[in-house]
Amino acid sequence: MVKIRLSRRGSKDRPFYKIVAVDSRTRRDGRFIEQVGTYNPMVEGLNFKVDLDKVDNWISKGAKTSDTVHDIVKKARKAAMAAE
């Protein structure tokens, strides 16, 4: 099963995450299929970038999102609607 979840990058006390589509059996920071966005919790305000087309494509193929990624995607959709 494919999941869309966070993969941690960055150094100690300076987290930075990639939002990736990955096989659910692989480890958190292991090999991923495709990167669909980024998330930086150290930045205030708009701290994420998400390619909603790629996310929708993976969800249509049966991928599940983690709880955190689900919230980030929901915020990204809201921001995209406000920009239009």
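Numerical summary
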{"item": "Candidates D51, D67, D71, D13, filtered to the one that is at positive phi and either surrounded by 10 or more Cβ atoms within 10 Å (Cβ to Cβ) or not hydroxyl-bearing (S, T, Y) (or both)", "result": "D13"}
{"item": "Unique residue being part of a strand (DSSP E or B), in contact (Cβ under 8 Å) with a residue 24 or more places away in the chain and out of contact with any Gly (no Cβ under 6 Å at 6 or more places or on another chain) when the list is R9, R5, R77", "result": "R5"}
{"item": "Condition check for V20: within 13 Å of the chain's Cα centre (by Cα), assigned to a helix (DSSP H, G or I) and not hydroxyl-bearing (S, T, Y)", "result": "no"}
{"item": "F32 vs. criteria surrounded by 14 or more Cβ atoms within 10 Å (Cβ to Cβ), part of a strand (DSSP E or B), of a type in the set (A, V, I, L, M, F, W, C) and out of contact with any helix residue (DSSP H, G or I) (no Cβ under 7 Å at 6 or more places or on another chain)", "result": "no"}
{"item": "Top-ranked residue in the range 35-48 [being β-branched (V, I, T) and within 16 Å of R5 (Cβ to Cβ); ranked as surrounded by the most Cβ atoms within 10 Å (Cβ to Cβ)]", "result": "V36"}
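Coordinate-derived values only; no laboratory data. Just so it is clear, the model here is predicted, and its values are computed rather than measured. Glycine also receives a Cβ, built like all others from the backbone with ideal geometry; neighbour counts cover every protein chain displayed.
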